[in-house]
Amino acid sequence: MDAEQARKLLAAERRELERTLDHRGREDDGENAGFQEPANLAAELYLDELDESLADDLRDRLAALERAEHRLAGGTYGLSVESGSPIPDERLEVFPTAERTVEEELALGERGAI
């Protein structure tokens, strides 16, 4: 993949992440009626945990984007960080922050499941 196309893909990924970060979080509806009810407390706890999980995912995606931008600047974008093998353009178009080939990702997942 040429550097210009890679820049466009990574810029689009950054815009998506920034838009998601801007719209993240729950809005307070201002109603406090029944707040101390157990069901309301459980729902509030669930929503807080969900929001934190989504925030963790966004931080991970942002870190992956920054690593991809660093690889692009260093001339190694599109090469596996594990083997140095080329990552197919089709994979990078769908997943611009890919760090490994599909086969390496699958092998990594299998090793992690052991």
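Here are the numbers:
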{"read-out": "Candidate set from segment 69-105 (those that are within 18 Å of the chain's Cα centre (by Cα) and open to solvent by 70 Å² or more (accessible area, probe 1.4 Å)); member that is nearest to Leu17 (Cα to Cα)", "value": "Phe95"}
{"read-out": "Hits in segment 41-68 - residues which are open to solvent by less than 60 Å² (accessible area, probe 1.4 Å) and of a type outside the set (A, V, I, L, M, F, W, C)", "value": "Asp51"}
{"read-out": "Options Ala33, Ala6, Ala42; residue that is aliphatic (A, V, I, L, M) and modelled with pLDDT of 80 or more", "value": "Ala6"}
{"read-out": "Given (1) open to solvent by less than 100 Å² (accessible area, probe 1.4 Å); (2) part of a loop (DSSP other than H, G, I, E, B); (3) modelled with pLDDT under 85; (4) touching a Leu at 6+ places or on another chain (Cβ under 8 Å), number of the condition Met1 does not satisfy", "value": "(3)"}
{"read-out": "Pair list, Cβ < 6 Å and 6+ apart or interchain, from segment 94-105 residues that are in a loop (DSSP other than H, G, I, E, B) to residues that are among the hydroxyl-bearing types (Ser, Thr, Tyr)", "value": "Arg100/Ser80; Thr101/Ser80; Thr101/Ser85"}
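The values are calculated or read from the model by the stated rules, or taken from the named source; none is laboratory data. Only a predicted model underlies this, so the values are computations on that prediction, with no experimental measurement involved. All Cβ positions, glycine included, derive from the backbone under ideal geometry; neighbour counts span all protein chains shown. Note: areas computed on protein heavy atoms with side chains; ligands, DNA, RNA excluded. Shrake-Rupley method; radii C 1.70, N 1.55, O 1.52, S 1.80 Å.
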